[in-house]
Amino acid sequence: MLERADLPERVEIKDVSPRDGLQAEPKVLSVEQRVRLVNHLTAAGVPHIEVTSFVSPKWLPQMADAEAVMAKIERKPGVTYAALVPNPKGAERALAAKPDELMVFVSASETHNYKNVHCSVSESLGGFHRICEMARGEAVPVTAVIVTSFGCPYEGRVPVHAVLDLSVRLESMGIADITLGDTVGVANPLQVAEMVHAFRLNAPMIRVGLHFHDNRGTALANLLAGILAGCTRFETALGGIGGSPFSPGASGNLATEDAVYCLSEMGIKTGIDLDRLMLASRFLEEIIGHKVPSRVYRAGGRMVPTGIEGSFDE
Ligand code: ZN
């Protein structure tokens, strides 16, 4: 039986919509719109935000002018504003923009890493060495996302030991904050619990975060499984955006609204105000020009009587 005592007092939500989310949108937003989105998230009390990516605009026009976005956001003390970097060149640009955190990413499977960044996992780690050195010089912490941690579209199920081994290599370079991404939305709750337990047992020095996509409707169940296994750090995206750029409105990341609603109903604090968050969702829909997949945004954050007697909800 699930009891309140099994659940933590608080979990940390990092919203990745301005980067992971918008990068998958076909529409390229202006700097102003991206800045306002980040400011909306800050106003809602989101403690940790993935603001942008310092990738070449040739590859991702959605992330162009990352410097201007970083310069124009209103930074609230205590909030962590993170920037993703694909390589040392990106890290150089990012560090000049004074992020609170640099994020790097690598795939758990060789094939996905090749398809994604056109190099081997070891070559990616070579770049991280340089990035860590640069970041250390500026006293900026580096965190890593291991994408396809639970399953790869080319190699299938990824074994726990492969993710653990890669994490230990990252930790040996000084990256102790590692997020495990279910990039294609194939993870199930048992798999998540086994993964988190394996880290606690074999690599307790690593601070694990989890990042779920909802392609198959398992993301919220995976979040709960992660919490019960002892994880308290999660990445989610406003509106649940971040799906395939070819199917706008399709499920992407676990929606921040859905996570915050579920957590706060169970008495778990996130510091995020759901009503303010919904204002951010509305703004997001306006700027991207289509409906977002978040269930809580559609249904509302509160139980409201319909007032229609004798009606049936099907
Ligand atoms: Zn994602």
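The values are calculated or read from the model by the stated rules, or taken from the named source; none is laboratory data. Just so it is clear, the structure is predicted and the values come from calculations on it, not from any experiment. Don't worry about glycine lacking a Cβ; one is built from the backbone with ideal geometry, like all the others, and counts go over all protein chains shown. Only protein heavy atoms, including side chains, enter the accessible area calculation; ligands, DNA and RNA are left aside. Shrake-Rupley method; radii C 1.70, N 1.55, O 1.52, S 1.80 Å.
What number of residues in region 15-37 are part of a helix (DSSP H, G or I) and not small (Gly, Ala, Ser)? Looking only at that region, the number is 12.
Taking (1) free of Cβ contacts under 8 Å to residues at least 12 places away in the same chain; (2) within 16 Å of the ligand (Cβ to nearest atom); (3) of a type in the set (A, V, I, L, M) in turn, residue 139 satisfies each apart from (2).
If I go through region 183-193 residue by residue, how many of them are in a loop (DSSP other than H, G, I, E, B) and either more than 15 Å from the ligand (Cβ to nearest atom) or open to solvent by less than 50 Å² (accessible area, probe 1.4 Å) (or both)? The total comes to 5.
The single condition among (1) touching a residue at least 40 places away in the same chain (Cβ under 8 Å); (2) within 29 Å of residue 202 (Cβ to Cβ); (3) open to solvent by 10 Å² or more (accessible area, probe 1.4 Å) that residue 131 does not meet is (3).
Residue 85 meets the conditions (1) aliphatic (A, V, I, L, M); (2) within 21 Å of residue 280 (Cβ to Cβ); (3) surrounded by 21 or more Cβ atoms within 10 Å (Cβ to Cβ); (4) touching a Phe, Trp or Tyr at 6+ places or on another chain (Cβ under 8 Å) in every case but one. The failed one is (2).
Okay, residues lined up against (1) touching a residue at least 40 places away in the same chain (Cβ under 8 Å); (2) open to solvent by 30 Å² or more (accessible area, probe 1.4 Å); (3) within 20 Å of the chain's Cα centre (by Cα):
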site	(1), (2), (3)
144	yes, no, yes
149	yes, no, yes
173	yes, no, no
195	yes, no, yes
205	no, yes, no
215	no, yes, yes
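Of 210, 220, 224, 180, all but one fail to be touching a residue at least 12 places away in the same chain (Cβ under 8 Å), away from the ligand (no atom under 16 Å from the Cβ) and not in a loop (DSSP other than H, G, I, E, B); the exception is 224. Residues in region 227-237 that are open to solvent by less than 10 Å² (accessible area, probe 1.4 Å) and more than 12 Å from the ligand (Cβ to nearest atom) were compared, and the one that is farthest from residue 280 (Cα to Cα) is 229. Of all residues in region 95-112, which are more than 19 Å from residue 54 (Cβ to Cβ) and part of a helix (DSSP H, G or I)? Selection gives 110, 111, 112.
Only one of the numbered conditions (1) more than 28 Å from residue 283 (Cβ to Cβ); (2) among the hydrophobic types (A, V, I, L, M, F, W, C); (3) open to solvent by 60 Å² or more (accessible area, probe 1.4 Å) is not met by residue 104, and that is (3). For region 115-171, the set of residues classified as on the phi > 0 side of the Ramachandran plot and among the β-branched types (Val, Ile, Thr) consists of 148 only. Scanning region 128-163 for residues that are in a helix (DSSP H, G or I) and in contact with a helix residue (DSSP H, G or I) (Cβ under 6 Å, 6 or more places away or on another chain) returns 130, 131, 134, 160. The listed residues are 94, 68, and the only one of them that is surrounded by 22 or more Cβ atoms within 10 Å (Cβ to Cβ) and on the phi < 0 side of the Ramachandran plot turns out to be 94.
Of the residues making up region 33-63, those that are charged (D, E, K, R) and either more than 29 Å from residue 261 (Cβ to Cβ) or within 16 Å of the ligand (Cβ to nearest atom) (or both) are 50, 58.
So that you can scan it fast, the table gives a plain yes or no per residue for (1) modelled with pLDDT of 95 or more; (2) within 16 Å of the ligand (Cβ to nearest atom); (3) touching a His at 6+ places or on another chain (Cβ under 8 Å); (4) open to solvent by 10 Å² or more (accessible area, probe 1.4 Å):
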site	(1), (2), (3), (4)
244	no, yes, no, yes
251	no, yes, yes, yes
258	yes, yes, no, yes
264	yes, no, no, yes
273	yes, no, no, yes
281	yes, no, no, no
